[in-house]
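Visitor: The structure follows.
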Amino acid sequence: KINKENNKAIKELMSIKQISPQSNIRVLAQYDAVSLMLMEQQWDTAIKVLTQLKRNEPSHELAPQFPRKLAFAYEKKQDWHKAAKTYADLSKQDKDPKIRQEAMFIASGLFEKIGKDDKAIEFYRDYAHKYEQPFDNRMEARFHLAKLYEKAKDHTRQLFWLRRVVDGDAKADEQRSERSQWLAAWANAKYGDYFAWEFSRRKLRLPIENSLLKKNGYLTDASSRFEMAASYGILEFVSMSSFKIAKMYEHFANELAKPPVPQGLGAQDVAMYKDILSQQAQPMLIQANDIYQGNIELAWQGHFNQWIDQSFSALRRLNPARYNKLEEVA
């Protein structure tokens, strides 16, 4: 019944344009009709009328409303490209600063959605620099910037925005929320991933002392960031951080077990050289084993996720006699 009444009202309001094209109330009638069209989800018809009003009535007192409702209609129709452009225009042209701010944030997300990453970065970055409030939106803008720069393999800018996410949560005071803490934990974990990537791609080379020093540095930096991520007490990041730290220790131990050997050494010296490095590898394997073990203890407490599962897999690899047997019993 409501639909029928609304459709009847739309028809009557739109008829005023035909009956009295010069009437002062014609534009108001079309605008009211559009509001009902949007209520009835008649996106195409509303877009057609709004486009005409925007083009033909730029000086009308209702003119500011036309592009606002047009952007909304494009968005609800899921015409993401036109919605993004219309919101982007609103963010620059609307006279209401609140509308400009909201439109900029929406445009950012829509540009990201349609794969226009450069435009998404531009709008998110402008938003993050320009608007301190609302806090949640600013944190989300920083979050998306970090993701987009990671996708672009721009590590310098990615790390900058990761730091801004962590810093934003740390200084939020009473505005701090579960979401902002999740974002800060995520940002620390991503920072840890960067150092872990540097750690993994830098293989042991000669001279071994310099190579060990660099790898140890990245191991320390990555572990520190992963520990920060875990410090928020969120299971996802507690288990993820533990697994990734253990994996680095295991990786390092495996590299030390097969080190590059300097030329010119006799057989006895080579054996001694390898034995010295092997002695450094053993504590790392023990460390990895202990961290994996700590992770699977979360399962005994009733928790389970991919990181705990992968820790089980790692322990079955490192200690098959014990952990494959546990699996058979289970």
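Visitor: Quick check, is Gly233 assigned by TED's automatic domain parsing to the domain that holds Gly294, of a type in the set (Gly, Ala, Ser) and within 30 Å of Arg179 (Cβ to Cβ)?
Guide: On the way: assigned by TED's automatic domain parsing to the domain that holds Gly294: yes; of a type in the set (Gly, Ala, Ser): yes; within 30 Å of Arg179 (Cβ to Cβ): yes.
So Gly233 passes the test.
Visitor: In this structure, is Asp44 touching a residue at least 12 places away in the same chain (Cβ under 8 Å), part of a helix (DSSP H, G or I) and within 17 Å of Lys82 (Cβ to Cβ)? Walk me through it before giving the result.
Guide: On the way: touching a residue at least 12 places away in the same chain (Cβ under 8 Å): yes; part of a helix (DSSP H, G or I): yes; within 17 Å of Lys82 (Cβ to Cβ): yes.
So Asp44 fits the description; yes.
Visitor: Let me ask something else. So, in region 196-218, exactly how many residues are surrounded by 14 or more Cβ atoms within 10 Å (Cβ to Cβ) and of a type in the set (Asp, Glu)?
Guide: Qualifying residue count for the region: 1.
Visitor: A further question on this structure: Could you list, in sequence order, all residues of region 251-273 that are part of a helix (DSSP H, G or I) and closer than 18 Å to Ser211 by Cβ?
Guide: His251, Phe252, Ala253, Asn254, Glu255, Leu256, Ala257, Val270, Tyr273
Visitor: Further, regarding this structure: Taking the condition within 30 Å of Val34 (Cα to Cα) and assigned to a helix (DSSP H, G or I), does Glu112 pass? Steps first, please.
Guide: Details: within 30 Å of Val34 (Cα to Cα): yes; assigned to a helix (DSSP H, G or I): yes.
Criteria met by Glu112.
Visitor: Of Ile291, Ile308, Ile286, Ile296, which residue is loosely packed, with under 14 Cβ neighbours inside 10 Å and within 22 Å of Gly192 (Cα to Cα)?
Guide: Ile286
Visitor: To continue, here is another question. Name the residue, out of Glu57, Glu75, Glu102, that is surrounded by 15 or more Cβ atoms within 10 Å (Cβ to Cβ) and modelled with pLDDT under 95.
Guide: One residue alone meets the criteria, Glu57.
Visitor: Which residue, of Gly192, Gly115, is touching a Lys or Arg at 6+ places or on another chain (Cβ under 7 Å) and among the small types (Gly, Ala, Ser)?
Guide: Gly192
Visitor: Condition first: over 10 Å from the mean Cα position of the chain (by Cα), part of a helix (DSSP H, G or I) and closer than 15 Å to Ile106 by Cα. Now tell me which residues in region 131-150 satisfy that.
Guide: Within region 131-150, Asp136, Asn137, Arg138, Met139 qualify.
Visitor: Residue check: is Asp193 under 18 Å from Ala230 (Cα atoms), surrounded by 21 or more Cβ atoms within 10 Å (Cβ to Cβ) and of a type in the set (Asp, Glu)?
Guide: Criteria not met by Asp193.
Visitor: Looking at this structure, is Asp89 acidic (Asp, Glu), over 19 Å from Leu38 (Cα atoms) and touching a residue at least 24 places away in the same chain (Cβ under 8 Å)? Steps first, please.
Guide: Values: acidic (Asp, Glu): yes; over 19 Å from Leu38 (Cα atoms): yes; touching a residue at least 24 places away in the same chain (Cβ under 8 Å): no.
So Asp89 fails the test.
Visitor: Of everything in region 262-287, what is among the hydrophobic types (A, V, I, L, M, F, W, C), out of contact with any helix residue (DSSP H, G or I) (no Cβ under 7 Å at 6 or more places or on another chain) and within 20 Å of Asn216 (Cβ to Cβ)? Give them in sequence order.
Guide: Scanning region 262-287 gives Ile276, Ile286.
Visitor: Let me ask another. Determine, yes or no, whether Gln52 is at pLDDT below 95 and not in a helix (DSSP H, G or I). Step through it out loud before you land on a result.
Guide: Values: at pLDDT below 95: yes; not in a helix (DSSP H, G or I): no.
Answer is no for this residue.
The values are calculated or read from the model by the stated rules, or taken from the named source; none is laboratory data. Quantities reported herein were computed from a predicted structural model and do not represent experimental measurements. A quick note on method: Cβ atoms are made from the backbone with ideal geometry, for glycine too, and the neighbour counts reach across all protein chains shown.
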